[in-house]
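The values are calculated or read from the model by the stated rules, or taken from the named source; none is laboratory data. It should be emphasised that the depicted structure is a prediction, and the values quoted were computed from it without experimental measurement. Quick reminder, even Gly has a Cβ in these numbers, built from the backbone with ideal geometry, and neighbours come from all protein chains shown.
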Amino acid sequence: MIARLHSAAVNGIDGYEVMVEVDMQQVKDVGRMSIVGLPDTAVRESVQRVTSALKNSHFFCPGELIVTVNLAPADMKKQGPGFDLPIALGLEMTIQSNYSEVPEAEKRRVPVLTDDWCIIGELALDGMVRGVRGVLPQAVAARAAGRKYLMVAAENAAEAAVVEGLSVYGVKNLAEAWALLLERERFIPRQSAEPAAVDYGNVDFDEIKGQPYARRAMEIAAAGGHNLLLCGSPGSGKSMLARRLPTILPPLTQDEALQASAIHSVCGMLPREAGLLRSRPYRAPHHTISDVGLMGGGSVITPGEISLAHHGVLFLDELPEFSRRTLETLRQPLESGIVTISRASGSMDFPCDFMLVAAMNPCPCGYLGDPRHHCRCNHAAIERYRHKISGPLLDRFDIIIEVPPVDPAGLLSRPDGECSSAIRERVLAARARQQRRYADIGVSCNARLSGRELRRFCPLSPSQQSLLLSAVEQFGLSARAFDRILRVTLTIADLAEHDTPTDNDLYEAIEFRRYETNLRS
């Protein structure tokens, strides 16, 4: 008898089903186990983990067997230790059914395995079942393949249980897994947890002192999904503002939560017992990050920081300190929302629809224009510093503002701004207007409008056209910056509940590009 069990694996961030076939032959010499089907090192090492786990769990596992394990489809590379559990169960089924010398005391009732099961899990040497990465997309793949029951490690059960239409069972050890296959009715499937309240991490906009202009920019950016660049001297509050941006963003929809959680699951970053992410991702990589760390890739292609920020915020502090080559790789993903990683082993597409928020100083020492500090940088040093950010990358920011230093007297005063919940209500109302307006074209927010759609939804009067063209010429803006001004104008109008943008809406949007001329000069 050849034992056939269904399992699953991950390719990029997508799960796919794997058939685990186990066959054995009895020999009179020292046996061996071989795994075929393009296994990687972790899969090949299953031989040692499986045999030790079986023996230490008091299953019968003689040494004089030639065991062949085939992982199908054979033309796809298999990665990770998640095949340990199905291999061990399949091997014991084969031994109990075919091996003629099983001692009476070691004989076990063999489960009648149907095609309804998908089994995933890593084994410890003592037979305990450990969790693996990427269970969420693997559970989705199992459901798509028509499986009814999913067996995973107990620590992965909450993650897998969010997939509707699949009964998920978490097991702690190999003996429990065997018992589950024999008598499933005795076990209770894991229920999907109730959605938890969104956790904003104990930060709030009411902690910000002063900075009304920056607060307004953050609100507009959140309402329209716009990219934002903050420029100011050290201690002016740039990082503090950025960390509070997720607190005024709309909550994740169910589809967004599934997509973001799948990426974090593949990277092993989904909190245990979390099920789905409820807060929008906020990623803030250090400026020493490599291209691969930011974009994704590696010998085993995995998502990078921009994909981990999918449906959330990517914050780049000290923007000019990042490698220029690394920053330039952001240009295409910012436009398309997808990053394509091509290697000799293949090509993969990862989603990366995120808000880019960046912060920088006005000069290398940070104090250019600060009334309380003297700038020590000469003109050439300032030029070199600012030219680390290319014009095409600046064009990807919808809003570029200066964040002035806080008045020392204001540091002792009570914060006088609104709390995050009040701002979030206005952001949600503006997003609701956008969803109604773009219901027929499937666009989520103003920042995602194409040029053609922008002309349709943001018509300008002749006087407004003249004003915008004058501003573009005066500030030396590009055609891309022209479109971004229109998108911000629409968002300002949505916040003000204007059916069509007014002159004041356009004026304010233009003002949010004025500081760009300082960075280009």
Based on this model, can you work out whether R384 counts as in contact (Cβ under 8 Å) with a residue 60 or more places away in the chain and in a helix (DSSP H, G or I)?
no
Of (1) surrounded by 19 or more Cβ atoms within 10 Å (Cβ to Cβ); (2) over 30 Å from H58 (Cβ atoms); (3) of a type in the set (A, V, I, L, M); (4) not assigned by TED's automatic domain parsing to the domain that holds A260, A145 fails just (1)
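Out of A284, A309, I need the residue that is assigned by TED's automatic domain parsing to the domain that holds A262, surrounded by fewer than 20 Cβ atoms within 10 Å (Cβ to Cβ) and closer than 22 Å to V266 by Cβ. Which one?
A284
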Lone qualifier among H286, H264 - being part of a loop (DSSP other than H, G, I, E, B), closer than 25 Å to A222 by Cα and either within 18 Å of the chain's Cα centre (by Cα) or not charged (D, E, K, R) (or both):
H286
Let me confirm something: among P303, P364, which residue is more than 24 Å from V488 (Cβ to Cβ) and surrounded by fewer than 23 Cβ atoms within 10 Å (Cβ to Cβ)?
P364
Restricting the search to segment 289-339, which residues are out of contact with any helix residue (DSSP H, G or I) (no Cβ under 9 Å at 6 or more places or on another chain), of a type in the set (S, T, Y) and in a helix (DSSP H, G or I)?
S336
Assess whether L252 counts as being surrounded by 14 or more Cβ atoms within 10 Å (Cβ to Cβ), more than 30 Å from E508 (Cβ to Cβ) and not assigned by TED's automatic domain parsing to the domain that holds P86.
no
Reported set for segment 148-161 where residues are within 22 Å of E256 (Cβ to Cβ), in contact (Cβ under 8 Å) with a residue 60 or more places away in the chain and either in the same structural domain as A262 (by TED's automatic domain parsing) or in contact with a Leu (Cβ under 7 Å, 6 or more places away or on another chain) (or both) is E159
Are any of the residues in segment 371-380 buried (at least 20 other Cβ atoms within 10 Å of the Cβ) and among the aliphatic types (A, V, I, L, M)?
no
P459 meets each of (1) surrounded by 16 or more Cβ atoms within 10 Å (Cβ to Cβ); (2) of a type outside the set (A, V, I, L, M); (3) in contact (Cβ under 8 Å) with a residue 40 or more places away in the chain with one exception, condition (1)
If I filter segment 187-197 for residues that are modelled with pLDDT under 95, surrounded by fewer than 19 Cβ atoms within 10 Å (Cβ to Cβ) and under 30 Å from G237 (Cα atoms), do I get at least one hit?
yes
Quick check on segment 466-482. Is at least one of its residues closer than 20 Å to E219 by Cβ, within 29 Å of the chain's Cα centre (by Cα), surrounded by 14 or more Cβ atoms within 10 Å (Cβ to Cβ) and modelled with pLDDT under 95?
no
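Among helices (runs of 4 or more DSSP H) lying entirely in segment 389-507, which contain 3 or more residues that are assigned by TED's automatic domain parsing to the domain that holds A221?
On the way: elements: 391-395, 408-411, 420-437, 451-457, 462-475, 479-495.
Correct list: 391-395, 408-411, 420-437.
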Looking for something in contact with a Ser or Thr (Cβ under 7 Å, 6 or more places away or on another chain) and crowded, with 17+ Cβ neighbours inside 10 Å - is there at least one such residue anywhere in segment 49-67?
yes
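Per-residue answers, yes or no, for (1) buried (at least 19 other Cβ atoms within 10 Å of the Cβ); (2) in contact (Cβ under 8 Å) with a residue 24 or more places away in the chain; (3) more than 16 Å from P392 (Cα to Cα); (4) not acidic (D, E):
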site: E321; (1), (2), (3), (4): no, yes, yes, no
site: L327; (1), (2), (3), (4): yes, yes, no, yes
site: E335; (1), (2), (3), (4): no, yes, no, no
site: S342; (1), (2), (3), (4): no, no, yes, yes
site: F350; (1), (2), (3), (4): yes, yes, yes, yes
site: L356; (1), (2), (3), (4): yes, yes, no, yes
I'd like to know if segment 382-395 contains one or more residues that are at pLDDT 90 or above and under 29 Å from A496 (Cβ atoms).
yes
